[in-house]
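Novice: Right, I'll just put the structure down here and ask away after.
The values are calculated or read from the model by the stated rules, or taken from the named source; none is laboratory data. What you see is a predicted model, and the numbers here were worked out from it, not measured in a lab. We place every Cβ from the backbone using ideal geometry, glycine too, and count neighbours over all the protein chains shown.
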Amino acid sequence: MIILVTGGARSGKSTFAENLYKDEKDVVYIATSKIWDKEMEERVKLHKKNRPSCWRTYEGNYSLVNALGIEKNYLLDCITVLTSNIMYDMTKGKKYIDYQLQNKVENKIYEEIYSLIKAVEAKGYNLVLVTNEVGYSLVPDNHVGRVFRDIQGRINQRIATLSHEVYLVCCGIPVKIK
């Protein structure tokens, strides 16, 4: 089963996603965050503290299939951070990202997630993917922000088509939309 969970910042999407596995011990938490500063370090510590200690953690943004082991349940949190990390790596701080490079970035992100989904399905495992709904906010005032928003929106659409179920979480309330 592939489940996509989306929602705005602090909507409760991660909590909902984690609760889907509340009775499971064989879970791998695929963490995509990189620790850049003190705030991010504290966020990561809080996330780790809030999930069961028996869950294994795999940290990374590339070769996500390497997270697969004997466990049957996987939770990737989150696609949005994975997108920003890969976009950052591939654009090397450019102020303008042409459409050709945007397409390469989007396809690399999709390839990483698609490969993970297909590997999970081949083994008969379960995967919950968490992502941000970025289309409900203000239009970014700069080119790179708009490129990120557009890529993330398209990635969400593409992953939703591969998912068996999709949930939108708003104010801590999940609504099944697929």
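Novice: Pairs needed: first member in the stretch 156-178, farther than 16 Å from ILE113 by Cα; second member anywhere, surrounded by 12 or more Cβ atoms within 10 Å (Cβ to Cβ) and among the aromatic types (Phe, Trp, Tyr); C-beta distance under 6 Å; at least 6 residues apart or different chains.
Specialist: Note: pairs meeting the criteria are VAL169/PHE16; PRO174/PHE16; PRO174/TYR167; LYS176/TYR167.
Novice: Let me ask you something else. Please indicate, with yes or no, whether at least one residue in the stretch 86-107 is outside any helix (DSSP H, G or I), among the small types (Gly, Ala, Ser) and surrounded by 16 or more Cβ atoms within 10 Å (Cβ to Cβ). Break it down stepwise before answering.
Specialist: Pass one, the stretch 86-107, residues outside any helix (DSSP H, G or I): 92-98.
Okay, now just the ones that are also among the small types (Gly, Ala, Ser), so 93.
Applying the additional criterion that residues be surrounded by 16 or more Cβ atoms within 10 Å (Cβ to Cβ) yields none.
No, the conditions are met nowhere in the stretch 86-107.
Novice: Conditions: (1) modelled with pLDDT of 95 or more; (2) under 18 Å from the mean Cα position of the chain (by Cα); (3) closer than 28 Å to CYS54 by Cβ; (4) of a type outside the set (Asp, Glu). VAL105 meets all but one. Number of the miss?
Specialist: Here VAL105 clears every test but (3).
Novice: Kindly establish whether TYR110 is buried (at least 16 other Cβ atoms within 10 Å of the Cβ) and within 14 Å of THR131 (Cβ to Cβ).
Specialist: Spelling it out, TYR110 is indeed buried (at least 16 other Cβ atoms within 10 Å of the Cβ) and within 14 Å of THR131 (Cβ to Cβ).
Yes/no per residue for (1) at pLDDT 90 or above; (2) more than 20 Å from GLU112 (Cβ to Cβ); (3) of a type outside the set (S, T, N, Q):
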| residue | (1), (2), (3) |
| --- | --- |
| SER14 | yes, no, no |
| LEU20 | yes, yes, yes |
| ASP23 | yes, yes, yes |
| ASP26 | yes, yes, yes |
| GLU42 | no, yes, yes |
| LYS49 | no, yes, yes |
| PRO52 | no, yes, yes |
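Novice: Now a separate question. Within the stretch 1-41, restricting attention to residues that are without any contact (Cβ under 8 Å) to a residue 60 or more places away in the chain and aromatic (Phe, Trp, Tyr), which residue is farthest from PRO52 (Cα to Cα)?
Specialist: So the residue we want is TRP36.
Novice: Another question, then. Taking the residues in the stretch 135-152 that are surrounded by fewer than 21 Cβ atoms within 10 Å (Cβ to Cβ) and touching a helix residue (DSSP H, G or I) at 6+ places or on another chain (Cβ under 9 Å) as candidates, determine which candidate is nearest to ILE97 (Cα to Cα).
Specialist: Taking the stretch 135-152 first, the residues surrounded by fewer than 21 Cβ atoms within 10 Å (Cβ to Cβ) are 135-146, 149-150.
Narrowing the set further to residues that are touching a helix residue (DSSP H, G or I) at 6+ places or on another chain (Cβ under 9 Å) leaves 135, 137, 139-140, 144, 150.
Values: GLY135: 20, SER137: 21, VAL139: 17, PRO140: 15, VAL144: 7, ASP150: 12 Å.
Restricting to residues being surrounded by fewer than 21 Cβ atoms within 10 Å (Cβ to Cβ) and touching a helix residue (DSSP H, G or I) at 6+ places or on another chain (Cβ under 9 Å), the top hit is VAL144.
Novice: Tell me, which residue of the stretch 120-162 that is outside any helix (DSSP H, G or I) and within 13 Å of the chain's Cα centre (by Cα) is modelled with the lowest pLDDT?
Specialist: Restricting attention to the stretch 120-162, the residues satisfying the condition of being outside any helix (DSSP H, G or I) are 124-142.
Subsequent filtering for residues that are within 13 Å of the chain's Cα centre (by Cα) retains 127-134.
On the way: LEU127: 98, VAL128: 98, LEU129: 98, VAL130: 98, THR131: 98, ASN132: 95, GLU133: 94, VAL134: 91.
Ranking the candidates gives VAL134 first.
Novice: What number goes with the only condition from (1) closer than 20 Å to ASN132 by Cα; (2) among the aliphatic types (A, V, I, L, M); (3) touching a residue at least 12 places away in the same chain (Cβ under 8 Å); (4) out of contact with any Gly (no Cβ under 9 Å at 6 or more places or on another chain) that VAL65 does not pass?
Specialist: All conditions pass for VAL65, except number (1).
Novice: Sort out which residues of the stretch 74-97 are small (Gly, Ala, Ser) and over 30 Å from TYR125 (Cα atoms), and write them in order of number.
Specialist: Step one: of the stretch 74-97, the residues small (Gly, Ala, Ser) are 84, 93.
Scanning the stretch 74-97 gives a single hit, GLY93.
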